1. Only one residue in A:Gly354, A:Gly333 is buried (at least 21 other Cβ atoms within 10 Å of the Cβ) and over 13 Å from the mean Cα position of the chain (by Cα). Which one?
2. Any idea which of D:Leu86, D:Leu91 is within 14 Å of ligand 4 (Cβ to nearest atom), within 14 Å of chain C (Cβ to nearest Cβ) and either within 29 Å of D:Asn189 (Cα to Cα) or among the basic types (Lys, Arg) (or both)?
3. Which numbered condition in (1) more than 12 Å from every other protein chain (Cβ to nearest Cβ); (2) under 24 Å from C:Val156 (Cα atoms); (3) crowded, with 19+ Cβ neighbours inside 10 Å is the only one that C:Lys363 fails?
4. Inside region C:298-310, can you point out the residues that are surrounded by fewer than 18 Cβ atoms within 10 Å (Cβ to Cβ) and not in a loop (DSSP other than H, G, I, E, B)?
5. Take region C:86-138 and flag every residue that is part of a helix (DSSP H, G or I) and among the acidic types (Asp, Glu).
6. Would you check if C:Val38 is within 19 Å of D:Ser26 (Cα to Cα), surrounded by 18 or more Cβ atoms within 10 Å (Cβ to Cβ) and modelled with pLDDT of 95 or more?
7. How about region D:94-131: which of its residues are out of contact with any Gly (no Cβ under 8 Å at 6 or more places or on another chain), within 16 Å of ligand 4 (Cβ to nearest atom) and of a type in the set (Lys, Arg)?
Number of protein chains: 4
Amino acid sequence: MSKKIKLAILGGGGDSLIGILHRVASGMFDQFEVVGGVFNVDLEESQNFARKIGIGTNRIYKDLDGLIAAENALPEEERVQVVSILTPNFLHYPMAKQLLENDFHVICEKPLTTTYEEAKILEETYKNSNSIFAVTYTYTGYPMVRQMKEMIAEGVLGKIQKIDVQYYQGWINPIIHDEEKRANTWRLNPEKSGISCCVGDIGTHAFDMIEYVSGMEVKNILADLNYLYRDNRMDIDGTILLRFDEYVKGVIRTSQIATGEENNFTVSIYGEKAGLKWEQENPNYLYLLEEGEPMRVLKPGHAYNSKLSLDGTKLPPGHPEGIFDSMGNIYKGVARAIRKEDYHPGEFPTIHDGIRGMNFIEKAVESHRQGNIWVEIDE
Amino acid sequence: MSKKIKLAILGGGGDSLIGILHRVASGMFDQFEVVGGVFNVDLEESQNFARKIGIGTNRIYKDLDGLIAAENALPEEERVQVVSILTPNFLHYPMAKQLLENDFHVICEKPLTTTYEEAKILEETYKNSNSIFAVTYTYTGYPMVRQMKEMIAEGVLGKIQKIDVQYYQGWINPIIHDEEKRANTWRLNPEKSGISCCVGDIGTHAFDMIEYVSGMEVKNILADLNYLYRDNRMDIDGTILLRFDEYVKGVIRTSQIATGEENNFTVSIYGEKAGLKWEQENPNYLYLLEEGEPMRVLKPGHAYNSKLSLDGTKLPPGHPEGIFDSMGNIYKGVARAIRKEDYHPGEFPTIHDGIRGMNFIEKAVESHRQGNIWVEIDE
Amino acid sequence: MSKKIKLAILGGGGDSLIGILHRVASGMFDQFEVVGGVFNVDLEESQNFARKIGIGTNRIYKDLDGLIAAENALPEEERVQVVSILTPNFLHYPMAKQLLENDFHVICEKPLTTTYEEAKILEETYKNSNSIFAVTYTYTGYPMVRQMKEMIAEGVLGKIQKIDVQYYQGWINPIIHDEEKRANTWRLNPEKSGISCCVGDIGTHAFDMIEYVSGMEVKNILADLNYLYRDNRMDIDGTILLRFDEYVKGVIRTSQIATGEENNFTVSIYGEKAGLKWEQENPNYLYLLEEGEPMRVLKPGHAYNSKLSLDGTKLPPGHPEGIFDSMGNIYKGVARAIRKEDYHPGEFPTIHDGIRGMNFIEKAVESHRQGNIWVEIDE
Amino acid sequence: MSKKIKLAILGGGGDSLIGILHRVASGMFDQFEVVGGVFNVDLEESQNFARKIGIGTNRIYKDLDGLIAAENALPEEERVQVVSILTPNFLHYPMAKQLLENDFHVICEKPLTTTYEEAKILEETYKNSNSIFAVTYTYTGYPMVRQMKEMIAEGVLGKIQKIDVQYYQGWINPIIHDEEKRANTWRLNPEKSGISCCVGDIGTHAFDMIEYVSGMEVKNILADLNYLYRDNRMDIDGTILLRFDEYVKGVIRTSQIATGEENNFTVSIYGEKAGLKWEQENPNYLYLLEEGEPMRVLKPGHAYNSKLSLDGTKLPPGHPEGIFDSMGNIYKGVARAIRKEDYHPGEFPTIHDGIRGMNFIEKAVESHRQGNIWVEIDE
Ligand SMILES: NC(=O)c1ccc[n+]([C@@H]2O[C@H](COP(=O)([O-])OP(=O)(O)OC[C@H]3O[C@@H](n4cnc5c(N)ncnc54)[C@H](O)[C@@H]3O)[C@@H](O)[C@H]2O)c1
Ligand SMILES: NC(=O)c1ccc[n+]([C@@H]2O[C@H](COP(=O)([O-])OP(=O)(O)OC[C@H]3O[C@@H](n4cnc5c(N)ncnc54)[C@H](O)[C@@H]3O)[C@@H](O)[C@H]2O)c1
Ligand SMILES: NC(=O)c1ccc[n+]([C@@H]2O[C@H](COP(=O)([O-])OP(=O)(O)OC[C@H]3O[C@@H](n4cnc5c(N)ncnc54)[C@H](O)[C@@H]3O)[C@@H](O)[C@H]2O)c1
Ligand SMILES: NC(=O)c1ccc[n+]([C@@H]2O[C@H](COP(=O)([O-])OP(=O)(O)OC[C@H]3O[C@@H](n4cnc5c(N)ncnc54)[C@H](O)[C@@H]3O)[C@@H](O)[C@H]2O)c1
């Protein structure tokens, strides 16, 4: 009898962007089995999609209430154990809350919620549960990101003195410059999207990445956002100054109007002793810079990498793995946590990371609205 | 009830390199379900591995005979439909032959067999069957390789005039320079490995890639191989001159002693009108060169790519996919063929490609042995 | 008889960094002849250096007064026509002023002066002279920088919406972390170096580059500088937010503590229609990005480049030229101006650019000191 | 009085490609002074060009006879000391011979002569002279090429086991595919160009580079050239197998029909212990590869480089120098030799390198004509 972890998925239907990433990732290490869920708002569509991906329709539910009721009625060993929430942002909070209250483990897409307030309530619910809770900041699963984290932890850089992270895309250009389109895109509608477009969608990845790899916490930020048009209500670009302590500074640069950029997410961290650089679009290279030394280019799968990094590579060096493999590594960590096996805290981001992300988004908008002043991130 | 295609696997056990690539690839598009197989020579190991990857042990067999007998006894709709052969090279031929004779579809690792003779017999068996037969030249599944193929077919390069393909690795260095190690590695033992080490293992990828993307057939070759030590019986490096016709030439450069190289497989094709270049370690870039024009860098997922290429990309541009995704695309094509859906002949390499590969290997060794002379590839 | 322009040099002695750059640059197009100058404070050293570089010592002077007196006594056609000022920053102002007052043309290293006040006085002197005045922002001479300028002027990017310029070095690390060294380096001594180290030395290149290529003027800035130690009096790192108008923003990132970076100066400019990127360390590549189009990589010497760009390339494409060639192009433009030949205003930066640079430096420090607030750049 | 070395130039007129490279290079280190020469066949043109480059016309001669007669009549300390031969290939031999016979030092462009026979005669003349004789294989002056040479000499790679050098251009495409153009281009006319086009022009750079950096001599070659059209008499592409000894092999790949390539000259050398790679179009990077180690990227100007390499860099790391600087380094070495100062034999290629180059060209054509067989390079 199969020992795979039973996974249900909310959202991620055939019309979605992110569904396939989670399905492939969950299957990658033979640990999870997608048994059902609510793929779409419409039940019939959900069922059709279930058929398309070759799973039975008997555990496809009308909605989350239906799922919880039916699954709870099953004997424990047949029951869904973990649920992935891939629905639009505003549904993360209610869905996650209900799942926690019913003792399911949760894998939730970022951003965790739509407000910091919600995030804090969710934290309480989480604390009162026994559930594992992962937030899928996808990029933390890359082997060379993990290697960066471990090298910094080991002190390879010495005291960190400067952090510069860029997340540039250009996709919103054709929308933003068209008056009608920018009025009618849900992404640019605060009612549907929350208070931020660019910072909320990608700035938050940058923020999480910084805290993930550096092991430091951002204390204060000063944000300058750009809305580009007076009638546009959502930021689509922003530069955010960071302070870790008086003499440790950084910057997040994030844009959806960096014309022609695809998903150009780069991380540069400089310490007293050395610097490390990484680029998401070429994720299998990690650059180690030292004054007066030849630059070193680290790659996945080599014995010189840390255990955490090596755990995230499946083939020998030179066989490029990508974003599906990165997400797969996150799922692998969640599986270990669910199975109560040993795992490294760096294997998946937690609700704590999700909460900080929400605080960051709100504080960035606040700083900007008040005239680009310094504001404090909660501890 | 699940409509996934039932897949069994031979080889690919927990100790293998290639097993995980096929498992992930087969699951990637929700088309296949691994139901069992013979993962290892040892039944118990096979069963343990089945448990580890979370599938039942009831369809884990002692050997291929056992598999065929048991599966044939099942009602057709429950029976394994396709078998992936991931065993060491010398087992490809007998296993594939037996599977074809019993009407299973076959996905076979390269090289197809250990001799050209075997390959031709297998072809006959195949012709008398109704089976689909795929040979997993993994790299043909990359979206930008497929794009290269389509652009060449459309005439973007004009008449091809020069082809230069490199496949450089360095892994054999620590073995080849140690007298004892080189005497005792099976890879360097012709009895176990066939007549060629380097050409057989990676030169054959280069050869297939050339014919795949160019749509042309190599007519003659002249090979200069290197054995490095008098007591070494297998080539571990070679340069092979190619002739497509009198004025269309090329070269395959292949090595396992290119110290420090990992899996540095590159393809350069130059035509009257333009050139195209691609590198396996950075597979999401395709370089288009034209005299007097800025070089253009094509990337996956953009609408300017061909249908065949776009079919191989799962996320928007800028989300790097890798070798698992490449193999996944090959499995996707095989699924279409098995389901008798429409598919493009470029979706997976066939037994024909496997046979040509075997002929190429033998001819390369023959050319070298006879003093680096021109020899002819069979039609 | 030689028709070369007679050039004298102040500073640039054998112990200097920048002397060789100007000497090679001035000779590159056979337009200038170094006839003498004041290479060092010490006359004998100057004379020795003159011998070393193979020019006579008869026009080597004790100081600028001596030079002016002696040269003015010569018949006009023998007299030095132009003087390059390569001395430490605090000498630029008095030397330039005296030269202008005596009707010499001036080529002055950046930063123009040590204060904005001085710069404005110098401007008056300049306006009352008939001299050509160039400020050697070296990097504007690169063919692909010039090409960027021309493409932007032609509207290839459409309306510019975002500018991001980085100038990262790491060289000050070994000094800044050593209490004694940082106390005793003249670079970190405001009395000797002016009010800014990092912004003054390299931030000013970034600022000039932005205005040079974009053709726009920075209106407001908000600077966050880093001094790293309480006892350090000079910025060695800074992020500076830029505003061109309400919805056109940018950022300059500049550092001397970006450990392991050498001279990593990059320019990214994004417009409504396209983006352009350039990197100083690989100066012969210009990247053109357009939504949904393959990236294009422009290189020097191709007919598709503008006249201004092509004028800066001496050999066919593929023969890499570098920083000496870039400075050579600036000298070439100055020669044309001196000879009253036609030239493009983009051929060399002028006193106007030098003055804006000084204003920028002071305003950056002011913004930082006042708590990172927006300040205005003078028109 | 000037102590610069008096240099005359033959060829290199205003219509030439290579003239400016030598003029800039000779001036770069303040060692040479161009005093005259024969820039063009036509005296008036020569004189006009002399005026254009700002030197007197009194030492511009009608031809080499005139130059020699007039210069020999001058007192020794005023006389031209060294002559650079930049004329078309067929003039190298007679000019060099006459210069040697008259005791001038010679700097000669490659290829040394048009036949191996001429080269050997020239060698005799040289041996009977006291002259310095340099052959300008330009690329050997790059700091990272010199670094490669020194690292190999020091044993960083261990025993070399494989060499792969590529020199790809695409410029001849528009000519070769046009029947009329290919009939009328002097480059493709053996009477004007010698027996080889591609191997003679660029293959010879590849050959010299290999021997320069490896310190080894090529023993045997097997060439497969391409003429592309039956009516074309000159090779425009070729792959040449190399043997250094029984188990040390290599390949030169050279083309003028690699469509869209500019000057793509790359060097890869693999030894038992490590590999080194370098690319002419990005000359400031040297890649050191070791099994199981991060790749190291060496750059010019760092203290970790050899003395020979550092001598070829004028500015600190990160300030890219290029091909003019590379040629400048060669001239610097020649100046030292002329001045009888100490110098490293790697500072400039000699007549010996030029002679080997001629032998290589002839042997490559011979190997091809005889059906791609192994031929021996003379010792
Ligand atoms: N980690 C990353 O890098 C990354 C990348 C992209 C998207 N995301 C996140 O993933 C989430 C989904 O994004 P997407 O781009 O796939 O969105 P999408 O709009 O493409 O897809 C959303 C899916 O949810 C379904 N859905 C909507 N309401 C539902 C409901 N009530 N119950 C069940 N299903 C419902 C829709 O039918 C659709 O299939 C977002 O929160 C987004 O921020 C994360
Ligand atoms: N497409 C590619 O790029 C690529 C890459 C690597 C390997 N390969 C090919 O894949 C094949 C396997 O290579 P590998 O590196 O995984 O080899 P491996 O030696 O690592 O693994 C072979 C597996 O086969 C099992 N096996 C051996 N005999 C068996 C038998 N009789 N029945 C069932 N299982 C048996 C072994 O127990 C082991 O699990 C080879 O043919 C190789 O050429 C292809
Ligand atoms: N454009 C660029 O990218 C760039 C790069 C480096 C330096 N610079 C500028 O060039 C200038 C010089 O920098 P450097 O690094 O060569 O400095 P340096 O300290 O290395 O050299 C200064 C030279 O000036 C001479 N000198 C000092 N006082 C003198 C005097 N009174 N009269 C004549 N000579 C005198 C010194 O002897 C020395 O030779 C600075 O203003 C610097 O900002 C510009
Ligand atoms: N080292 C390199 O990488 C490199 C690159 C390009 C050219 N070259 C070599 O440089 C040489 C010249 O090449 P080029 O491309 O400049 O050629 P070119 O045809 O552009 O120029 C030749 C010059 O020689 C002059 N000339 C011809 N006959 C003369 C004579 N009898 N006396 C004096 N001058 C005469 C011509 O007027 C012209 O100025 C060739 O041998 C070529 O192989 C070397």
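1. Of the residues listed, the single one that is buried (at least 21 other Cβ atoms within 10 Å of the Cβ) and over 13 Å from the mean Cα position of the chain (by Cα) is A:Gly333.
2. D:Leu86
3. (2)
4. Taking region C:298-310 first, the residues surrounded by fewer than 18 Cβ atoms within 10 Å (Cβ to Cβ) are C:303-304, C:307, C:310.
If the condition is that a residue be surrounded by fewer than 18 Cβ atoms within 10 Å (Cβ to Cβ) and not in a loop (DSSP other than H, G, I, E, B), then C:Lys307, C:Leu310 are the ones that fit.
5. Residues satisfying the conditions are C:Glu101, C:Glu117, C:Glu118, C:Glu123, C:Glu124.
6. No.
7. D:Lys97
Here is a yes/no grid of residues against (1) under 28 Å from the mean Cα position of the chain (by Cα); (2) assigned by TED's automatic domain parsing to the domain that holds A:Gly14; (3) more than 25 Å from B:Phe29 (Cα to Cα); (4) surrounded by 21 or more Cβ atoms within 10 Å (Cβ to Cβ):
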{"residue": "A:Glu45", "(1), (2), (3), (4)": "yes, yes, no, no"}
{"residue": "A:Asn48", "(1), (2), (3), (4)": "no, yes, no, no"}
{"residue": "A:Val80", "(1), (2), (3), (4)": "yes, yes, no, yes"}
{"residue": "A:Thr87", "(1), (2), (3), (4)": "yes, yes, no, yes"}
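The values are calculated or read from the model by the stated rules, or taken from the named source; none is laboratory data. These numbers come from a predicted model, not from an experiment. In this analysis, Cβ positions are derived from the backbone assuming ideal geometry, glycine residues included, and neighbour counts consider all displayed protein chains.
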